[in-house]
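What follows is one structure encoded as structure tokens, with my remarks underneath.
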Amino acid sequence: MNHKPEHTELVEKILTGARWATVLRLTAQIFSWLSTIFVVRFISPEDYGLNAMLESPLTLMILISTLGLDSALVQAKKINTDELQSIFGWLLIVSGLLFLSYFFGGVVLAAYFNEPRLDMLAKVLSFIFLLVPFRVIPNALLDRQLDFKLRAQLEMVATVVAVITTFVLAYLGAGVWALVSGVIVNKLLIAILLMIFKPWFIVPKLNFAIARKLLFAGGILTLINALFILSSQLPSVIAGPQLGAALLGIYAISAQMAVLLLGKSMPVITQTMLPAFSKFQDHRNSATYYLEKLLGVASLAFIPLFVGMACVVDVLVPTVFGVQWLSSILPMAIMSLGMMFRMNTLLLRTAMIGMGRADLALKSNFLQLIMLLPMVIYAVQYGVIGLAAVSVVNEIFVALATTQLSKSTFNTTFISLLRCYRPALVSSAIMAACVMLNKALLSNQSSMIILLTAILIGAAIYYLATRFLFADELQTALKAVLGNRFAFPAPVHRKIK
């Protein structure tokens, strides 16, 4: 039996803010993607390897520095001034300790990877920890108000300035220092802009009793994300000392380019999903309906990009990156296809957290880590290709396990989720066949002509295939992204199991 979807005004408000955020962030990210591609030409695999070594502990420490309070503040039904003061105080203490740890721990990092240059790089990079408290609270306040537009505007400005900084320094031959400088500029500028456009000032306190509930919720979210980051960094940590900076750089750029589209876009989606699904915690049927619509829209946008990347990477790398990166072609293609499964995992995890089931997301992340550890240890002997292969195998198993876990929160089945992905998978398969045929027919042409025609033909074929085979799904996706009066069709009432 059909029924009218509930909370349509709330959904419209969320979608309106999400559209603004998506447009602004995608504008910045397109600029960032293009810059990243061209920066690769001016930075050696060894420099990228050094950057990967720096990121191994840094990414996890940045996550810990927030204590998960950015998400906990968004999910909390109510927060008062005393709680904000206590949270601010704890953030200052933790960020200060992490700053000292990374500043003086650079020598340990250098010794572990046998790279003395890491010590000074770590000392300079450590200052970003001192900026964490000054962006966590204003960002959370903006998200609670569903003011995605202002946050996206500020992030766009910071991203563009940081990208320009990185590109100019890379062009001038700064190497790994160009990447480090870009990170520092981005974090510093975001903190300054938030203080200007979202002015706030509170006196810090250290009252654990007041902030205990939020700290506990944030701790769970931190653990969830920490496990995911550990899984992402595990290949670099384990394989780094054995592969060396140059080969690790090949793996790092392969992974970075494979995950680039998803990694840059997913924060835009998850920042909207968390507050959105938190509003549906007591409405399982509606939550299931909107989850399936979200998966359908996301798959139509991302899956053709992953498949397309795998199809053109053999001409993309020598044409755009340069011949020094030829060894990254096969691992980049392998990992690009694996991103389809990661997309499913990340969306389901975020939806489960929003629905108040962070424990399920925690199980998913823990499973990913314990499965990946022995696989990476085994795959190191096969070099970069081995690491790429086990990463994809791990993504497949974790996606299946996360789908099974999601049944505790949503009225989903493997068949219903596969039905969500069917339009994108079928249309992408048709697109891939046409792109590969085009490459074969133009094999005697220059690589630039092959690349450009592959992109144009791929985009056209994908649109036509989707338009004629799955017109309703395409229309729904276009309305969700572009429509000013978007409302989903009425969901089918399902009996809760």
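Nothing in this text is a laboratory measurement; each read-out follows from the coordinates by a stated rule. Being a predicted model, the structure only gives us computed values, none of them experimental. When we count neighbours, we look across all protein chains shown, and the Cβ atoms used for this are built from the backbone with ideal geometry, even at glycine.
Taken along its three principal axes, the alpha carbon spread of the chain comes to 60, 59, 42 Å, from the longest extent down to the shortest. What does a probe at R41 reach in the stretch 306-341, counting residues whose amide N is under 16 Å from the point 7 Å along Cα→Cβ? Counting backbone N atoms under 16 Å from the label point, the list is 315-326.
Each Cα pair under 8 Å and six or more residues apart adds its sequence gap; the mean of these over the residue count of the stretch 303-379 is a relative contact order of 23 percent.
Which pairs in the list K279/K479; K149/K293; K439/K479 are over 32 Å apart, alpha-carbon to alpha-carbon?
As for pairs spanning more than 32 Å Cα to Cα, those are K439/K479.
Grouping the Cα pair distances of the stretch 154-286 into 10 Å bins from zero gives a pair-distance distribution of 9, 22, 36, 23, 10, 1 percent in increasing distance order.
Look at where the Cα atoms of the stretch 413-428 and of the stretch 141-195 average out, and the two centres are 36 Å apart. Fully extending the segment from F103 to F127 would add 7.8 nm, taking 0.36 nm per residue of separation and subtracting the current Cα-Cα distance.
Charging the Cβ of each Asp and Glu at -1 and of each Lys and Arg at +1, and nothing else, the dipole of the chain about its Cα centre rounds to 1340 debye. Normalised size of the stretch 365-419, defined as Cα radius of gyration per 2.2 N^0.38 Å with N residues, equals 1.39. Rounded to whole numbers, the Karplus 3J(HN,Hα) couplings from phi for the stretch 408-422 are 6, 10, 10, 8, 9, 9, 4, 5, 5, 6, 4, 5, 5, 8, 4 Hz, using 6.51 cos²θ - 1.76 cosθ + 1.60 with θ = phi - 60°, and x at Gly and Pro.
Over the stretch 12-482, Cα pairs under 8 Å with separation of 6+ residues give a relative contact order of 20 percent.
The residue list L417, L172, V136 was ranked by how far each Cα lies along the charge dipole of the chain toward its positive end, using unit charges on Cβ atoms, and L417 comes out on top. Can you compute the FRET efficiency between L464 and T319 using 1/(1 + (r/R0)^6), with r the Cβ-Cβ distance and R0 = 22 Å? Round to the nearest 0.05. Step by step, r from the Cβ atoms, then E = 0.25.
For the stretch 410-485, applying the loop criterion from DSSP together with a ceiling of 11 other beta carbons within 10 Å to the trypsin sites (Lys or Arg not before Pro) yields R485.
Provide the convex hull volume over Cα atoms per residue for the stretch 114-217, in Å³.
Details: hull volume 14.8 nm³, N = 104.
Roughly 142 Å³ of hull volume per residue.
Relative to the current alpha-carbon distance between I385 and L330, full extension at 0.36 nm per residue lengthens the span by 19.1 nm. Translational diffusion of the stretch 406-480 was estimated from the Stokes-Einstein equation, with Rh taken as the Kirkwood radius over Cα pairs; at 25 °C and 0.890 mPa s the coefficient is 173 µm²/s.
Shape analysis of the stretch 320-432 yields a ratio of the Cα radius of gyration to the Kirkwood radius, Rg/Rh, of 1.04.
Fully extended, how many nm does the chain gain between I370 and I455 (0.36 nm per residue separation, minus their Cα-Cα distance)?
Residue separation times 0.36 nm, minus the Cα-Cα distance, leaves 26.8 nm.
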